[in-house]
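Student: Take this structure first; my questions come after.
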């Protein structure tokens, strides 16, 4: 991954915009040989708006051979409210892995789709449910595997949730950062500031992009993307060649978000950003 990003950066310096590099980083990440990196890239995309290009990438991830990647794809599609992906998410409810089933159900529920309601309702009813059909048989299978319907529901909430609030850039991403042994109070602060709009906090996030702790850099660049702080586009782009893949993926998602029009129309090409050493 590092060699790939270095080559991309060199190409970018010669001809391409940060947007081009960002897309290539995420596209490569989604198709990485390492499933951990595929999951990281998939979760990083919870910053982008649900336009066709990112949704297509995430739908590719729904078919990944690794359950953890499929689960991440469900969670991210739910996070960004990708309504065009509802048919694929409905199909994911049949996944043999409980975490994927519930991530799909939670995503569908969050978009007001009845399939999500059906799945959660059947888990709540447990043995009282005598409904028939695809969803019911799938949930019965999941229930048998885990032996505890309450535990199954908790998996759906904890792993598949895209909750709003202080950690608005995505609960799975926030949880992953905070579980790392390098996470600090600064990491938490950067996550919380994603929902703030004051100039003072934006300046603090700008400085945090250069922090030596990778979890702080990741949280800061995601907060900048979530706040749609377009004035820090160039600063976010500097992290596209960060030595940590987690940071580079989130920087790529932030760069795309900062140039992504809400209308979903194709963005206007941007001038090249001059890279600086860190």
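The numbers here are math on the coordinates, done by the rules we state, and not lab data. Everything numeric here is computed off the predicted structure, so don't read it as measured data. With ideal geometry, Cβ positions are generated from the backbone for all residues, glycine too; neighbour counts draw on all protein chains shown.
Student: Taking the Cβ of each residue in 48, 221 as the centre, tally the other Cβ atoms inside 10 Å and list the residues starting with the fewest.
Tutor: Ascending number of Cβ neighbours within 10 Å: 48, 221.
Student: Within 10 Å of each residue's Cβ, count the other Cβ atoms and sort 218, 231 from fewest upward.
Tutor: 231, 218
Student: Based on other C-beta atoms within 10 Å, arrange 25, 30 from fewest to most.
Tutor: Least to most surrounded, the residues fall as 30, 25.
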